[in-house]
Each structure stands twice: as C-alpha cells, then as structure tokens.
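Colleague: Just passing along the structure, written as structure tokens.
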Amino acid sequence: MYPNYSYPAPLVFKITTGLLLGRSRSFRLDALKMIAGQKPEVLILGREYIPAHGPCVITFNHYHRPGFQAWWLALAVAASVEQEMHWVVTNELTYPYKWYGFFGRPLSRWVLGRLANLYGFTSIPPMPPRPQDSEARAVAVRQVLSFIKHTDNPMLGLAPEGRDNPNGTVSMPAAGAGRFGLLLASSGLSFVPVGAFESDGKLCLRFGPEYDLRVPAGVSASEKDLQAARIIMQNIANLLPTSLRGEFV
C-alpha cells in the first residue's frame, strides 16, 4: 500500500500562473501547502538532526518507483526545515529509452527552466554528464558557489544521484558528484543526510547527524571524487531500510 499523492487545485493554479507570468514564489511555503494535504501525513524521523539553519547542504536519495516522482522528496524536505533552501536541480528530463523523449526533452527544459526562475533554483545539466554540457555545468557550479559566498548561513538541497534508479535503491552518482561535494565542503558547508522511502503507507524522511565531508590528502583527483561520492551516499544509505541500500549495505 502506497500513500495517495495529490495536488491541491488552487495551489496548482497559482504555481501555473507564476510560471506563465514569470512571478517569484517561495518553494518552502508552497511545499508546506502541498505536504499539508497529504494523507497520511509525512513521517519525519530523526527530528533532532533537522538543521535550524545553514551553512549546510541537505542531501537525499533519488527514490523512485512507478507512480511516484522524486519532486515529492524535495517538497517533503523543504517543508521539514524552517529556512528557505536553495535547490540545485536538473534542467532536463532525458527519458532514456522512451519513444517520447524526442518531444519530452525540450518540453522539460522549458518547464524546468521556468520553475528555476519561479523559485530561484540553480539548474544544472542532467546526469550522467554529456560532453556538450560541460560549459553549462561549469556555469551552474559557479552560480552555486557565488550564492554560498554572498548568502548568510546558506542551506542547499541536493539529490547527488541526479537520476532515477529503476528499482528505487541507492546507487553511486556519476563522476563529478563527489568533486562538487568537496567544493561545497571547502566553501564551509557541512552535510546533512536524509533517507527517503515509503513504509506502512507513508512517505518517510529520516534525517541523520551532520558531518563534514573530508577525503585523505595525497590521492588523485578521480579518487577524491570517488571517495567523496561514496561517503555522501553511504551516509544517506545508512538511513534507509536495508532493501533500498543497494551496494551500500
């Protein structure tokens, strides 16, 4: 049995109007309204670990199953904290191996671009990385680092995997995710892991203890990337039911 995920019509109308007219909205306030309507309500575990403020980055798994979209995870996380978060999101849905990808990709770029403007997100090219996206990815990373530099106590939201795993388990992110995490750490952000899953008919979030992301000195750049990504995902996996931990058991 899974929860029933519904969209309040009045709020959907306001968001759609904002998209079309280019108006700004608070993602946290919209998330609170969206999550408040869910029955049963979202179960929050590890409340003592929910950060009161930044500087930190909240990382969570990109949980997915048929009938459930990952944006519910971002909504639930945003509604759980008291500070407005800055989200790093994809700028395109790739629809791998789907016949409608030819039409879906450009449409998703338009919708996600409007959403990024609506809520002030930083949008980044999809994972896994494509050679033609290298410059756009670098620009997005610089935007995030600039936001951190010019914001008091910044709080970021990020799903490091950046893509759906067909069986819903945790997987290693594509190359570069660990390097990005180390850039955030070097900018003064600590990491707060969250495990997201469905259990007993409820959407569940389990927050874990904050940690500093560090890897040993003297290893190659690729090994730093790999080790950092593994640390990030292991901390998330530790908060999940064993069946969703994948290789991170």
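The values are calculated or read from the model by the stated rules, or taken from the named source; none is laboratory data. Everything numeric in this text was worked out from a predicted model, so none of it was measured. In this analysis, Cβ positions are derived from the backbone assuming ideal geometry, glycine residues included, and neighbour counts consider all displayed protein chains.
Colleague: Using the structure shown, decide if residue 195 is buried (at least 21 other Cβ atoms within 10 Å of the Cβ), of a type outside the set (Val, Ile, Thr) and free of Cβ contacts under 8 Å to residues at least 60 places away in the same chain.
Modeller: no
Colleague: Would it be correct to say that residue 200 is surrounded by fewer than 19 Cβ atoms within 10 Å (Cβ to Cβ), at pLDDT below 90, acidic (Asp, Glu) and under 28 Å from residue 30 (Cβ atoms)? Give the derivation first.
Modeller: Working: surrounded by fewer than 19 Cβ atoms within 10 Å (Cβ to Cβ): yes; at pLDDT below 90: yes; acidic (Asp, Glu): yes; under 28 Å from residue 30 (Cβ atoms): yes.
So residue 200 passes the test.
Colleague: Looking only at residues that are of a type outside the set (A, V, I, L, M) and buried (at least 19 other Cβ atoms within 10 Å of the Cβ) in segment 172-192, which one is nearest to residue 140 (Cα to Cα)?
Modeller: So, considering only residues that are of a type outside the set (A, V, I, L, M) and buried (at least 19 other Cβ atoms within 10 Å of the Cβ), the one nearest to residue 140 (Cα to Cα) is 180.
Colleague: I'd like to verify a number: residues in segment 29-87 that are among the acidic types (Asp, Glu), under 22 Å from residue 146 (Cα atoms) and more than 17 Å from the chain's Cα centre (by Cα), how many?
Modeller: We begin by selecting, within segment 29-87, every residue among the acidic types (Asp, Glu); these are 30, 41, 48, 82, 84.
Now drop any that are not under 22 Å from residue 146 (Cα atoms), which leaves 84.
This time we only want the ones that are more than 17 Å from the chain's Cα centre (by Cα), so: none.
Residues that pass the stated criteria total 0.
Colleague: Working only within segment 31-81, note down all residues that are part of a strand (DSSP E or B), buried (at least 20 other Cβ atoms within 10 Å of the Cβ) and either charged (D, E, K, R) or touching a Pro at 6+ places or on another chain (Cβ under 6 Å) (or both).
Modeller: 59
Colleague: Right, something else. Restricting attention to segment 196-209, does a residue exist that is within 26 Å of residue 125 (Cα to Cα) and charged (D, E, K, R)?
Modeller: No - not one qualifying residue is present in segment 196-209.
Colleague: Considering segment 207-227 alone, what residues qualify as being loosely packed, with under 13 Cβ neighbours inside 10 Å and more than 19 Å from the chain's Cα centre (by Cα)?
Modeller: Those that are loosely packed, with under 13 Cβ neighbours inside 10 Å and more than 19 Å from the chain's Cα centre (by Cα): 214, 216, 217, 218, 219, 220, 221, 222.
Colleague: Just need a number here: residues in segment 3-29 that are out of contact with any Asp or Glu (no Cβ under 6 Å at 6 or more places or on another chain), touching a residue at least 24 places away in the same chain (Cβ under 8 Å), surrounded by 11 or more Cβ atoms within 10 Å (Cβ to Cβ) and of a type outside the set (S, T, N, Q).
Modeller: 9
Colleague: On to the next question. Out of curiosity, is residue 175 modelled with pLDDT of 90 or more and on the phi < 0 side of the Ramachandran plot?
Modeller: Here the answer is no, as residue 175 does not meet what is asked.
Colleague: While we're on this one: Exactly one condition in (1) of a type outside the set (Ser, Thr, Tyr); (2) surrounded by fewer than 20 Cβ atoms within 10 Å (Cβ to Cβ); (3) at pLDDT below 90; (4) within 25 Å of residue 195 (Cα to Cα) is not met by residue 109; state its number.
Modeller: It fails just one condition, (4).
Colleague: Are any residues in segment 121-151 out of contact with any Phe, Trp or Tyr (no Cβ under 6 Å at 6 or more places or on another chain) and touching a residue at least 60 places away in the same chain (Cβ under 8 Å), and if so, which ones?
Modeller: Correct list: 147, 148, 151.
Colleague: In addition: I need a count of the residues in segment 163-173 that are closer than 17 Å to residue 234 by Cβ and either among the hydrophobic types (A, V, I, L, M, F, W, C) or in contact with a helix residue (DSSP H, G or I) (Cβ under 9 Å, 6 or more places away or on another chain) (or both).
Modeller: Of the residues in that region, 5 qualify.
Colleague: From the list 228, 217, which residue is touching a Gly at 6+ places or on another chain (Cβ under 6 Å) and of a type outside the set (Lys, Arg)? Reasoning before the result, please.
Modeller: Working: 217 fails: touching a Gly at 6+ places or on another chain (Cβ under 6 Å).
Just one listed residue meets the conditions, 228.
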